[in-house]
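**Q** Please find one structure pasted underneath; my questions will follow.
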Amino acid sequence: EFFGHSKGAFTGAHTARQGKFQLADGGTLFLDEIGELPLAMQSKLLRVLQSGEVQTVGEDQSRYVDVRVIAATNRDLWQMVQKGTFRIDLYYRLNVFPIKVPALKERKEDIPYLCTNLITQLNKRLAKQIKGVSKKAISQLQAYDWPGNIRELQNVLEREAILTKHTVLKLSQPLHGDASTAVNTSLT
């Protein structure tokens, strides 16, 4: 995925394929959940970040790429470094300009704005015409701690958008944990 492969490089490589670094050459590559990257892959990523060179699987020559890398994680990378599960040199290479985005529970005042944006996306994807979220639902959303962060908010709004027959979303199920718990609670 990162470096691509040439035709015939391995069984099933019927065509050549550019890697993410080659595709992002001259631009930006976003690496989500960088804390999940296995140690063996961390060293390969570090080499590319230090040298700017990638080697396609099945080729002998390296090629230079000019890529800005933005990496994200919900894990504490420094703690992972201390435990030996994240390379310290990669940590410092990625930590040039850290940006900490607070968890949703730390910025509940943003929930109405996030809902507006998410509803717009859901309307397009689900072919709905939802105008917004009720004031009561906004209050309920702001009272919740959001252990699943923005993804949980997205899922809650999507579930409600799928279920609603109205143009203003209300919360039809309680907010806690996963959707199966909410469904089971409402059935008992």
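**Q** Packing-wise, with mean Cβ within 10 Å as the measure, how do 47-55, 94-102 rank, highest first? Write down the numbers at each step before the final one.
**A** Numbers: 47-55: 15.7, 94-102: 9.4.
Ranking, from highest mean packing down: 47-55, 94-102.
**Q** Treating cross-link reach as a plain straight distance, find the lysines whose alpha-carbon is under 21 Å from the alpha-carbon of Lys100, omitting any fewer than eight places away in the same chain.
**A** Once the sequence-local lysines are set aside, what remains near Lys100 is Lys108.
**Q** Taking only protein heavy atoms and a 1.4 Å probe, what accessible area per residue, in Å², does the chain have with all protein chains in place?
**A** Result: 66 Å² of accessible area for each residue.
**Q** Right, something else. Evaluated at 20 °C with a viscosity of 1.002 mPa s, what Stokes-Einstein diffusion coefficient in µm²/s does the chain have when Rh comes from the Kirkwood expression over alpha-carbon pairs?
**A** Taking Rh from Cα pairs, D becomes 107 µm²/s.
**Q** Place a +1 charge on the Cβ of each Lys and Arg in the chain and a -1 charge on the Cβ of each Asp and Glu, then give the dipole magnitude about the Cα centre in debye, rounded to the nearest 20.
**A** Numbers: 25 positive and 19 negative charges, 134 e Å.
So the dipole magnitude of the chain works out to roughly 640 debye.
**Q** May I pose another question? Carbon and sulfur: what percent of the chain's accessible surface (1.4 Å probe)?
**A** For the chain, the apolar C and S fraction of the accessible surface comes to 52 percent.
**Q** Taking 8 Å as the Cα distance limit and 6 or more residues as the minimum spacing, I'd like the relative contact order of the chain as a percentage.
**A** 15
**Q** Choose one of Gly148, Met41, Ile162: the residue whose Cα lies farthest towards the positive end of the charge dipole of the chain (beta-carbon charges +1 Lys, Arg; -1 Asp, Glu; about the Cα centre).
**A** Value: Ile162.
**Q** Give the angle, between 0 and 90 degrees and rounded to the nearest 10, that separates the Cα long axis of helix 39-51 from the longest principal axis of the Cα atoms of the chain.
**A** For helix 39-51, the angle is close to 70 degrees.
**Q** Towards the positive end of the charge dipole of the chain, with charges on Cβ (+1 Lys, Arg; -1 Asp, Glu), say which of Ala127, Gln61, Pro98 has the farthest Cα.
**A** Ala127
The values are calculated or read from the model by the stated rules, or taken from the named source; none is laboratory data. Everything numeric here is computed off the predicted structure, so don't read it as measured data. Here Cβ is always computed from backbone atoms with ideal geometry, including for glycine, and neighbour counts include all displayed protein chains. Keep in mind that these areas ignore ligands, DNA and RNA; they rest on the heavy atoms of the full protein, side chains included. Shrake-Rupley method; radii C 1.70, N 1.55, O 1.52, S 1.80 Å.
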